[in-house]
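Taken together, the values in this text are just the output of simple stated rules run on the coordinates, not laboratory data. Here the structure is a predicted model, which is why all the values come from computation and not from measurement. In this analysis, Cβ positions are derived from the backbone assuming ideal geometry, glycine residues included, and neighbour counts consider all displayed protein chains.
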Amino acid sequence: MAAVGQTSQLVATESVTPEPGLLVPTTATAGSIVQIQGSNFGQNETITIQLLLPNGTTQTVATPQSDTNGAFETSFTTPLVRSVIGRQLTVIATGNTSGALLSEPFTPVSVIQITPNTGSSGTTITLTGQGFLPSSSVPVIWDDPNTASTIFLVTVTTDSNGQFTQTITVPDGLVSGATYYVEALASYLQYVKVAFTAQ
């Protein structure tokens, strides 16, 4: 920044130090690898990356080194435990030399997908899930918002990575053009869902 005297033409300058920045995705599949970036920390310093968990404790997940511009990139694996799936955590980045401290909210989530996502009654759907509790039972239901009713479809068992694949059959009585939902119980009575459109 510079200021110039209109009469004297003297120039006064002041350097402006950029504020540190932290880029974290707001959500990611539980158990997946998350990439984060930081900027304007101290030059060539160690950055401690921690997760603030719902129970108030912190867990160190990475210790990257910043470059000569104070920037860094690193990654960590999101927790795959019942106490954090679907709940907001906080990513904290601390410059061990500069003392720069930034935090951003972050939520590990369960996700499901279906193929196909359109069809008629009797259509066979392949349902896949990720980010669920490992080796657990997951109820799957069919949700009809048009009649405010649900139908139990199946209970699937996840593998050691919290993933599953299951075929299901679309129930009878679909109305062409209407939207329905396949839902799976993730954690803490929270269902994740994906839409299916009737043809």
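Structure data summary
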item: Relative contact order [Cα under 8 Å, 6+ residues apart], the chain, whole percent; result: 18
item: Fluctuation leader among 107, 123, 147 - the chain, Gaussian network, Cα springs under 10 angstrom; result: 147
item: Förster radius 45 Å - calculated FRET efficiency between residue 71 and residue 161 (Cβ-Cβ, nearest 0.05); result: 0.90
item: Stokes-Einstein diffusion coefficient of region 75-169, Kirkwood radius over Cα pairs, 25 °C, 0.890 mPa s, in µm²/s; result: 153
item: Mean separation of Cα contacts under 8 Å, 6 or more apart, over the residue count of region 20-109: relative contact order %; result: 37
item: Bridge type composition, the chain - antiparallel percent by DSSP, nearest 5; result: 90
item: DSSP beta bridge pairing in region 20-109, given as percent antiparallel to the nearest 5; result: 90
item: Compactness of the chain - radius of gyration and Dmax, Cα, Å; result: 24.4, 86
item: Residues 144, 172, sorted so that the one with the fewest Cβ neighbours within 10 Å comes first; result: 172, 144
item: Relative contact order computed over region 111-198 (Cα-Cα under 8 Å; 6+ residues apart), in percent; result: 35
item: Residues 68, 90, sorted so that the one with the fewest Cβ neighbours within 10 Å comes first; result: 68, 90
item: Residues 175, 140, 194, 182, sorted so that the one with the fewest Cβ neighbours within 10 Å comes first; result: 175, 194, 140, 182
item: Centre separation in Å (Cα based) which lies between region 137-159 and region 25-48; result: 36
